[in-house]
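Take a look at the structure set out below.
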Amino acid sequence: MVDFPDNGNLKTGVIMNYDFESNVDRTQSSSLKWDLYKGRDVIPMWVADMDFQAPPEVLQILQDRIDHGVLGYTLPPKALTEVLIERLLRVYGWSVESNWIVWLPGLVVGLNLACRAVGRSEDEVLVMTPVYPPFLTAPVLSGRRLRTVALVQEQGRYMVDDAALRAAITDRTRLLILCNPHNPVGRAFGREELDRISQTCLEKNVAICSDEVHSDLILDDLQHIPTATLGSDIAAKTMTLMSPSKTFNLPGLNCAFAIIPNSVIRKRFEEVKAGIVPHVNVFGYEAALAAYTQAVLWRQSLLVQLKSNRDLVERTIAQIPGLSMNHVEATYLAWIDARELHQEAPKAFFEKAGVGLSNGADFNGSGFVRLNFGCPEATLKQGLERIQRAVQSL
Ligand SMILES: Cc1ncc(COP(=O)(O)O)c(C=O)c1O
């Protein structure tokens, strides 16, 4: 069924059979990313969707489903569950049972459900910052207290500060929300780091929600390690969130899933979800199945393009005095340190120069901006030139 060996990571020598160069006009498509700057000469490089068309194989399956024409209530296709289980085993050596999978209309929903599924009101949820903003809001929206612990930079890499993590856990801490690969710092955490985090959580009886939405976007020769594969005791405390949405550029189709091996946590997760969270829609399921089975080569080609874009961003930022960034191991997001520019609002500064970036302050990272390089190279070059000119003009 699979058209190319799919072992998770980037292969060398992949032939680029797909179009990652065309500039698709998104200005008339109610795009969240593009409509923010409607009518203005600002290149949107903020919210995490890519400016590439979804894989043609996926678009064809969606077209077939439209041709069928009846769009009634839909169950998760049995074939999709089977494909997922087979893939998780093949790519990560993770043996998952079908009843562990809970379908969701998005990861952010999953983050919020995870906060409600463990502990009680006023219990604490811990997150490592800087981090994707919904990690900061989900605990509060769920009636929990947010605690943060900062990642530390060591030799140009963001690392987990084990001592600080341990110190941040109190007797009210019930959950750690982990982002791996990490948005925005681009780390794909290694086995030893993940092991240390998980062992601390085990010891302190803290459950883990592991957001792994970027797991199929590893740009270096590294292996993604699902937290739950570190051991059965860790799996029993972990809710893993995954989706084809980032990888295959399908976030508007709202199809994601949680994997929760522990039946008690899963039951609680289902309870807090019941009657509130909508089902995944028919196109989300169809696209997910097509993506995992037929867009394997597309993903490999995408990784080649993203890696090249990543290298261009890193080379360019390194040449701009006052800006710096760490190496991006995974994701299509660059976390840029603009503190040395001494601008009160770096996002507004770059916006004025015609580039729409994400505001670091929203991630608990004041003085930083996040750049989305999931776009054609020509667009990226134009955005980077504008950044360069803006800094030179200071
Ligand atoms: C780490 C992370 N989790 C979740 C999401 C959003 O997921 P969804 O659109 O499925 O709610 C994103 C989107 O950027 C993300 O980076």
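Exactly one residue out of THR74, THR81, THR137 is more than 13 Å from the ligand (Cβ to nearest atom) and either out of contact with any helix residue (DSSP H, G or I) (no Cβ under 8 Å at 6 or more places or on another chain) or in a helix (DSSP H, G or I) (or both), and it is THR81.
Within region 326-351, the residues that satisfy the criterion of being farther than 21 Å from TYR37 by Cα, open to solvent by 40 Å² or more (accessible area, probe 1.4 Å) and outside any loop (DSSP other than H, G, I, E, B) are ARG339, GLU340. A residue that is at pLDDT below 95, open to solvent by less than 50 Å² (accessible area, probe 1.4 Å) and on the phi > 0 side of the Ramachandran plot can be found somewhere in region 8-18. Residues that are without any contact (Cβ under 8 Å) to a residue 60 or more places away in the chain and of a type in the set (Lys, Arg) within region 294-316 comprise just one, ARG315.
Of the listed requirements (1) over 23 Å from GLY284 (Cβ atoms); (2) open to solvent by less than 70 Å² (accessible area, probe 1.4 Å), VAL91 misses just one: (1).
For region 281-314, a residue qualifies if it is among the aliphatic types (A, V, I, L, M), open to solvent by 10 Å² or more (accessible area, probe 1.4 Å) and either touching a strand residue (DSSP E or B) at 6+ places or on another chain (Cβ under 7 Å) or under 25 Å from PRO184 (Cβ atoms) (or both), and the qualifying residues are VAL304, LEU312.
When the test is whether a residue is open to solvent by 10 Å² or more (accessible area, probe 1.4 Å) and in contact with a Pro (Cβ under 7 Å, 6 or more places away or on another chain), GLY322 does not pass it. Within region 199-225, being part of a loop (DSSP other than H, G, I, E, B) and over 22 Å from PHE257 (Cα atoms) holds for LYS204, ASN205, LEU219, ASP220, ASP221, LEU222. Residue selection: LEU250 satisfies the criterion of being within 12 Å of the ligand (Cβ to nearest atom), in contact (Cβ under 8 Å) with a residue 12 or more places away in the chain, open to solvent by 10 Å² or more (accessible area, probe 1.4 Å) and closer than 29 Å to PHE52 by Cβ. Candidates in region 374-387 are the residues that are closer than 16 Å to LYS347 by Cα and among the hydrophobic types (A, V, I, L, M, F, W, C); of these, the one that is surrounded by the most Cβ atoms within 10 Å (Cβ to Cβ) is ILE387. Taking the conditions exactly as written (more than 23 Å from LEU333 (Cα to Cα), within 16 Å of the ligand (Cβ to nearest atom), free of Cβ contacts under 8 Å to residues at least 60 places away in the same chain and not in a loop (DSSP other than H, G, I, E, B)), does VAL102 satisfy them or not? Criteria not met by VAL102.
One residue is enough: does region 222-240 have a residue meeting the conditions under 14 Å from the mean Cα position of the chain (by Cα), modelled with pLDDT of 95 or more and of a type in the set (A, V, I, L, M, F, W, C)? Within region 222-240, not a single residue is under 14 Å from the mean Cα position of the chain (by Cα), modelled with pLDDT of 95 or more and of a type in the set (A, V, I, L, M, F, W, C).
The values are calculated or read from the model by the stated rules, or taken from the named source; none is laboratory data. None of the values given here were measured: they were computed from a predicted structure. Cβ: placed from backbone, ideal geometry, glycine included. Neighbour counts: every protein chain shown. These area figures cover heavy atoms from the full protein model, side chains too; ligands, DNA and RNA do not enter into them. Shrake-Rupley method; radii C 1.70, N 1.55, O 1.52, S 1.80 Å.
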